[in-house]
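*Asks:* Structure below; questions to follow.
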Amino acid sequence: MTQFASIVDEFRQIWPYIFAGDLARYLIGAGSVFLLIWVLFRSRLAARKIRGITPPAGQIWREIGYSLVTVCIFATVGTSIGIGSMHGLFRVYTDISLYGWPYLVGSVVAMIVVQDAYFYWVHRLMHRVPLLWKVHATHHRSHNPTPWTAYAFDPGEALIHALFMPMFVAVVPMHVGGLFAFTAHMMLRNAIGHCGYELFPKGWADRPILGLVTMVTHHDMHHEHAPRNFGLYFTWWDRLMGTEHPEYRARTKLMTPDNGMPDSLKGAYASQAGAESRAGESLEVIALSGWGANEEGR
Ligand SMILES: [Zn+2]
Ligand SMILES: [Zn+2]
C-alpha cells in the first residue's frame, strides 16, 4: 500500500469517531444551554431576556442544518490533526508527564487567549472584505441569535475557524486532554454567547478584571449592531481598537429587554420586528459599514 493510500485509509477509519465527538459536543453544548435557559428556567430568566422577540422555530432548524455541515468540517480538520500528529506534523502529545500539569493548564489558557485574538481579527476582516462578508453573512442571518447559532456558519467560515487549531498545534505542544478542554470551553462559551439571555451579574462589564470577559449582551449586540463587538471571549481587543459598542456598558447595567434599556437604544429595539425581516442587502450595509468605531463608511 502506498503512503497516500494508507493515509486515506487512516482517515476513513478515524473520521467517524472525530465526527461523533464533534457532533456530540454541539448537540450536548448547544442542547443543554437551550434546555436549561430556553425551557427549564425560561420564566425565571424572563427579566434577563436581551430581546423582546423570540426567534421563530424555522431559524433554529436552519441553524442546526448549517451547524451539521460545520461539524463535518471541524471533524475533517480534527482528523487531519490526529493523523498529522501520528506522523509528526503536529505537536499533540498524550503523556502528561512530558510537560507536566502546570504546562497543560497554561497551554489551554494560552490557546483560548490566542484564539480570541485570531477570532477578533478574522472576524473584523470578514466584516471588512466583501468576499469574506458573503461567507460571514450566513451567521448574521440570525439577527436575534439562539444557542443553536453557535456553529451556524457558511462552510467557508467554518473552515476559517477550524484552521486555527492546526496552526496553533503546529507550533505549541498540546495535550490531547487540553485540546478537549479547549473545544469544550469554545462550545460552551459560544452557546452561552448566543443564548439571548444575560447570565452575567449586572454591571459586570464595568468591573476592572472580570469586565474583560464578554457578557452575553456583548455578542448579542454584535448580531444586532455589527460592526461592533467583534471579540469572542474577551473585551480587550474591542476596547484597545475602539470597536466596543458605545452602549454596551450602559446596557449591561440596566439589563432588562424593554423597560430598562438606555433611551438611545429604545428606538432600535422597538423596531426589532422590522429589523428581523431586513433584506440581506441592508444587513450587508450594516455589517460592512465600518472598519473602526470612529470610521464613517469603509
Ligand atoms: Zn460578525
Ligand atoms: Zn455570533
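The values are calculated or read from the model by the stated rules, or taken from the named source; none is laboratory data. Since the structure is predicted, the reported quantities are computational estimates derived from the model, not experimental observations. With ideal geometry, Cβ positions are generated from the backbone for all residues, glycine too; neighbour counts draw on all protein chains shown.
*Asks:* Checking Ile83 against (1) in a helix (DSSP H, G or I); (2) more than 17 Å from Ala184 (Cα to Cα); (3) out of contact with any helix residue (DSSP H, G or I) (no Cβ under 6 Å at 6 or more places or on another chain); (4) aliphatic (A, V, I, L, M): exactly one of these is not met. Which one?
*Replies:* Ile83 satisfies all of (1) in a helix (DSSP H, G or I); (2) more than 17 Å from Ala184 (Cα to Cα); (3) out of contact with any helix residue (DSSP H, G or I) (no Cβ under 6 Å at 6 or more places or on another chain); (4) aliphatic (A, V, I, L, M) except (3).
*Asks:* Okay, next question. Against the condition away from ligand 1 (no atom under 16 Å from the Cβ) and either surrounded by fewer than 18 Cβ atoms within 10 Å (Cβ to Cβ) or not small (Gly, Ala, Ser) (or both), how does Val105 come out, does it pass? Break it down stepwise before answering.
*Replies:* Numbers: away from ligand 1 (no atom under 16 Å from the Cβ): yes; either surrounded by fewer than 18 Cβ atoms within 10 Å (Cβ to Cβ) or not small (Gly, Ala, Ser) (or both): yes.
When the stated conditions are applied, Val105 passes them.
*Asks:* Something else about it: Enumerate the pairs (first residue in the stretch 166-194 and part of a helix (DSSP H, G or I); second residue anywhere and away from ligand 2 (no atom under 16 Å from the Cβ) and of a type in the set (S, T, N, Q)) with beta-carbon separation below 6 Å, excluding pairs fewer than 6 apart on the same chain, so at least 6 apart or on different chains.
*Replies:* Once the first residue is part of a helix (DSSP H, G or I) and sits in the stretch 166-194, its partners that are away from ligand 2 (no atom under 16 Å from the Cβ) and of a type in the set (S, T, N, Q) give Val176/Thr94; Gly178/Ser107.
*Asks:* Scan the stretch 140-165 for residues that are without any contact (Cβ under 8 Å) to a residue 40 or more places away in the chain and within 11 Å of ligand 2 (Cβ to nearest atom) and jot them down.
*Replies:* Hit for the stretch 140-165 is Glu157, nothing else.
*Asks:* Which residues, counting only those in the stretch 115-158, are part of a helix (DSSP H, G or I), more than 10 Å from ligand 1 (Cβ to nearest atom) and within 13 Å of Tyr66 (Cβ to Cβ)?
*Replies:* Val135, Thr138, Trp148, Thr149, Ala150, Tyr151, Pro155, Gly156, Ala158
*Asks:* Turning to a different aspect of this structure: Of the residues Met174, Met165, Met126, Met111, which single one is in contact with a Lys or Arg (Cβ under 9 Å, 6 or more places away or on another chain), modelled with pLDDT of 95 or more and crowded, with 19+ Cβ neighbours inside 10 Å?
*Replies:* Met174
*Asks:* Tally time: how many residues in the stretch 226-242 are within 14 Å of ligand 1 (Cβ to nearest atom) and either closer than 18 Å to Leu254 by Cα or not in a helix (DSSP H, G or I) (or both)?
*Replies:* Of the residues in that region, 7 qualify.
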